[in-house]
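S.K.: Can you read through this structure? Questions will come right after.
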Amino acid sequence: MVWARTKLLIWDYIFEPVKDIEIAYQGPNPQKFYKKVNELIRTIFNVPDAYVQEKSYDWEKGKDTERFEISWEVNKILDTFSFITIEVDLKGFAVAGEGKAGIKIKPRLITEYPQDTVWQQSILYEMTRRFWHKMFYHKKRMEYLNFGKELITSFESAIKHFGENLREGQTTQAS
């Protein structure tokens, strides 16, 4: 990520034209998705804890009910200019051990070019940057998009597999 006051941002959704991926689960113990999603974020995206931010955490627990809503933001740094940002939202409830959970995944590839200095704001710099971007960096960004698709597909598959195992009762209490 570029640390600049003013920057040119280029956003690409990982899957076009789909901007969000939604997974719905109905069955036993939907509250177990919290630990599993948290674990999968760190293992599949392979990012340090500093690049995972739990933006909101709301968990209400009653006598036989649980209601939860959690959201994370994950930043996977790829190089000086580009990174993948993934927003993951988990929302659900359980009544006497049965309930529903919904997971929404919003992945994007973001490229940032700083524009702080007089040189970076000049027309000559912009022409050079555009030439470099079109001739060299565009191919790299397409590789990053494919890499992002692989990461998100793995993450989505692991969540679905966990949901299937939950429904079949194959997960342990430690999960």
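S.K.: Which value at 222 nm does the chain reach when only helices count, each DSSP H run of 4 or more adding -39,500 (n - 2.57), with the total divided by all residues and rounded to the nearest 500 deg cm²/dmol?
M.R.: -10000 deg cm²/dmol, from helical runs alone.
S.K.: What whole number of Å gives the distance from the Cα centroid of the stretch 85-112 to the Cα centroid of the stretch 28-70?
M.R.: Cα centroid to Cα centroid, the span is 9 Å.
S.K.: Right, something else. As a quick test, which of the pairs Lys19/Lys160; Lys36/Lys140; Lys61/Lys106; Lys35/Lys160; Lys63/Lys160 have an alpha carbon distance above 23 angstrom in this structure?
M.R.: Lys36/Lys140; Lys61/Lys106; Lys63/Lys160, as the Cα separations exceed 23 Å there.
S.K.: Go through (1) 23.9, 97; (2) 19.8, 67; (3) 16.2, 50 and flag the label whose value is the computed Rg and Dmax of the Cα atoms in Å for this structure.
M.R.: (2)
S.K.: Separation between the Ala158 and Lys100 pseudo-spin-labels, each 7 Å from Cα along Cα→Cβ, expressed in nm?
M.R.: Reported label-point gap for Ala158 and Lys100 is 2.7 nm.
S.K.: Select from the stretch 34-87 those trypsin sites (Lys or Arg not before Pro) which occupy a DSSP coil region and have at most 16 other Cβ atoms within 10 Å, ordered by residue number.
M.R.: Lys63
Computed from the coordinates by the stated procedures, all read-outs in this text should not be read as laboratory data. Predicted model, so just to flag it, every value in this text is computed and none were measured. As a convention, Cβ positions derive from the backbone with ideal geometry for all residues, glycine included, and neighbour counts pool all protein chains shown.
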